[in-house]
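The structure under discussion appears below in the form of structure tokens.
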Amino acid sequence: MRGKAFVFCARIRYNIAMSTYKIITYGCQMNVHESEKVAGLLEARGITECTEGVPDVVVFNTCCIRDNAERKAIGQIGRFKQLKKDNPGAVIAVVGCMTQQDGAGLALRKKFPFIDIVLGTSNIEKIGDLVADALTTHSKHVEIDDDPRPAIVEDVPYYRTSGTNAWINIMYGCNNFCTYCVVPYVRGRERSRRREDILAEFEKALSDGYKEVTLLGQNVNSYGNDRADGYGFAALLEDLAKYSGDHRIRFMTSHPKDMDERVIDIVAQSPNICNNIHLPLQSGSDKILKLMNRRYTRDDYLSIIDKIRAKMPDCGITTDLMVGFPYEEEEDFEDTLDMVRRVGWSNAFTFVYSPRRGTPAASMPQVPAEVSKRRIMKLIAEQNAVTRRLSDGYVGGVFKVLCEDVVEKDGKRLLCGRTDSGRMVTFDGPEGLVGEFCDIKVTRSQSASLFGTRV
Ligand code: SAH
Ligand code: SF4
Ligand code: F3S
């Protein structure tokens, strides 16, 4: 659905201030953060989070990065048909990346006529007004703009839900058009936020007591390229590193083609910026990287790793890897396995390539599903062996950990938190430590899990 459409029909009135909401989120950290925006906009209307019983407002914040992400959301939305039967005044809204695909808005409304609101990725700021309207008048709304450069809306009342961590978007959209990826189509072109808006949000997060801030962008290294003032990611990191205090900064995602040495230097020199870099490789084969339009080679990637390790030997480096991309042959896959052994990522997010309609790779010859399945199993096993080996290297060391949460393990309530390098550690302690930094001695490792005690 392109352009805008409104359909109004008045029925019974609903008490907005007594209403409750539930948000179901799929996809990446950006979507998790976007849901905090949705929550903030609903809370600003007096609608509160549903903690028990049946919600009056259900918002699905969707993802379409792979077919299984879409199928999960569609399956779940279908289940909410019953909610409308039990509570005919309830409002069901679908937002996020899935709605922005060509024709998806109308297709969703056709498949699930009980949906009240469908909003595109750049229309999300309207959610508060439209939900209030739908609750009181039962009106239906579909609003999906196709402007690839929608203006950035500031001063959104985020309702943060991510515990000790505050997400801060530094930019929106993506210009890279990797041939498999739907993001540039559903999130538009790169738009960087102004320096002063980011710094103000950062200061507010610190004064609100957040001990960790994660800067978000599809390709944070190209932050500022769309702005005329020449202020880029390295300069932003430098500015943020100047804030003293007991807090730390992470950022994601870095693109190997844009990762520059200045960023590596600033991360290495700044005690408040974590030595933790997410640097997706995708494939270890130059042939596949070219077909993917990634614009770097495996040697380029390895030279970035060398530079990071030269300045930060303990840096936790993570990646994304894909198998079964069109034209991937056994030797290409072997090149990816070779990179697993050479680089030593502390963790890798592994995916089977999923054709996305409208992207160039979707019309390339596809690799049979059973081949991809075999490859992903092999890839996971190889990476697990590396992660296990690296986990063992933590045993005996003492690490500064930000205590993030309480977890149940074998009937015991334990605490968990991450090291500067991004590794999760579980340890014993009072729940009051959540939100505090603790020194933890790692005593034991089990695959990707680390266990320790307070020192
Ligand atoms: N902007 C980030 C990642 C965004 S999507 C980057 O450039 O690295 C997160 C990950 O999903 C990607 O790194 C990629 O590994 C995976 N992905 C994206 N599109 C995919 C597709 N069509 N099929 C399978 N995995 C995909
Ligand atoms: Fe997708 Fe590539 Fe942009 Fe990442 S850089 S969001 S993989 S197009
Ligand atoms: Fe999914 Fe959109 Fe993120 S497609 S991965 S939710 S940017």
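The values are calculated or read from the model by the stated rules, or taken from the named source; none is laboratory data. Everything numeric here is computed off the predicted structure, so don't read it as measured data. Don't worry about glycine lacking a Cβ; one is built from the backbone with ideal geometry, like all the others, and counts go over all protein chains shown. Ligands, DNA and RNA are stripped out before the accessible areas are found, and what is left, the full protein with its side chains, is counted by its heavy atoms. Shrake-Rupley method; radii C 1.70, N 1.55, O 1.52, S 1.80 Å.
Taking the condition of being among the hydroxyl-bearing types (Ser, Thr, Tyr), surrounded by 15 or more Cβ atoms within 10 Å (Cβ to Cβ) and not in a loop (DSSP other than H, G, I, E, B), how many residues in the stretch 393-451 meet it? Spell out how you get there, then give the answer.
Filtering the stretch 393-451 down to residues among the hydroxyl-bearing types (Ser, Thr, Tyr) leaves 394, 419, 421, 426, 443, 445, 447, 449.
When the remaining residues are screened for being surrounded by 15 or more Cβ atoms within 10 Å (Cβ to Cβ), the result is 394, 419, 421, 426, 445, 449.
Filter again for not in a loop (DSSP other than H, G, I, E, B), leaving 394, 419, 426, 445, 449.
Residues that pass the stated criteria total 5.
For the stretch 98-122, which residues satisfy the criterion of being within 16 Å of ligand 2 (Cβ to nearest atom) and assigned to a helix (DSSP H, G or I)?
Selection gives MET98, GLN100.
Would a scan of the stretch 164-179 turn up a residue that is within 16 Å of ligand 3 (Cβ to nearest atom), open to solvent by 50 Å² or more (accessible area, probe 1.4 Å), over 30 Å from VAL434 (Cβ atoms) and touching an Asp or Glu at 6+ places or on another chain (Cβ under 8 Å)?
Within the stretch 164-179, one or more residues are within 16 Å of ligand 3 (Cβ to nearest atom), open to solvent by 50 Å² or more (accessible area, probe 1.4 Å), over 30 Å from VAL434 (Cβ atoms) and touching an Asp or Glu at 6+ places or on another chain (Cβ under 8 Å).
Would you point out which residue out of SER285, SER303, SER346 is over 25 Å from the mean Cα position of the chain (by Cα) and open to solvent by less than 40 Å² (accessible area, probe 1.4 Å)? Reasoning before the result, please.
On the way: SER303 fails: open to solvent by less than 40 Å² (accessible area, probe 1.4 Å); SER346 fails: over 25 Å from the mean Cα position of the chain (by Cα).
When all the criteria are applied, what remains is SER285.
Quick check on my filter: what residues within the stretch 23-66 are closer than 22 Å to TYR180 by Cβ and either outside any loop (DSSP other than H, G, I, E, B) or away from ligand 3 (no atom under 16 Å from the Cβ) (or both)?
GLN29, MET30, ASN31, THR62
Anything in the stretch 47-99 that is free of Cβ contacts under 8 Å to residues at least 60 places away in the same chain, open to solvent by 20 Å² or more (accessible area, probe 1.4 Å), closer than 30 Å to ASP320 by Cα and in contact with a helix residue (DSSP H, G or I) (Cβ under 8 Å, 6 or more places away or on another chain)? List them, or say none.
GLU70, ILE74
Which condition from (1) open to solvent by 20 Å² or more (accessible area, probe 1.4 Å); (2) within 16 Å of ligand 1 (Cβ to nearest atom) is the one that LYS126 breaks?
Result: LYS126 fails condition (2) only.
Could you please give the count of residues in the stretch 320-334 that are aliphatic (A, V, I, L, M) and either surrounded by fewer than 22 Cβ atoms within 10 Å (Cβ to Cβ) or more than 16 Å from ligand 3 (Cβ to nearest atom) (or both)?
1
Going through the stretch 155-185 one residue at a time, which ones are β-branched (Val, Ile, Thr) and within 11 Å of ligand 1 (Cβ to nearest atom)?
Of everything in the stretch 155-185, those that are β-branched (Val, Ile, Thr) and within 11 Å of ligand 1 (Cβ to nearest atom) turn out to be THR179, VAL182, VAL183.
Could you list, in sequence order, all residues of the stretch 243-255 that are out of contact with any helix residue (DSSP H, G or I) (no Cβ under 9 Å at 6 or more places or on another chain), assigned to a loop (DSSP other than H, G, I, E, B) and touching a residue at least 40 places away in the same chain (Cβ under 8 Å)?
From the stretch 243-255, those out of contact with any helix residue (DSSP H, G or I) (no Cβ under 9 Å at 6 or more places or on another chain) are 244, 246, 248, 250; that's our starting set.
Those left that are additionally assigned to a loop (DSSP other than H, G, I, E, B): 244, 246.
Once the filter is applied, which keeps residues that are out of contact with any helix residue (DSSP H, G or I) (no Cβ under 9 Å at 6 or more places or on another chain), assigned to a loop (DSSP other than H, G, I, E, B) and touching a residue at least 40 places away in the same chain (Cβ under 8 Å), the stretch 243-255 yields only ASP246.
Just to verify a result, which residue in the stretch 189-228, among those that are surrounded by fewer than 17 Cβ atoms within 10 Å (Cβ to Cβ) and assigned to a loop (DSSP other than H, G, I, E, B), is farthest from ligand 1 (Cβ to nearest atom)?
That would be GLY209.
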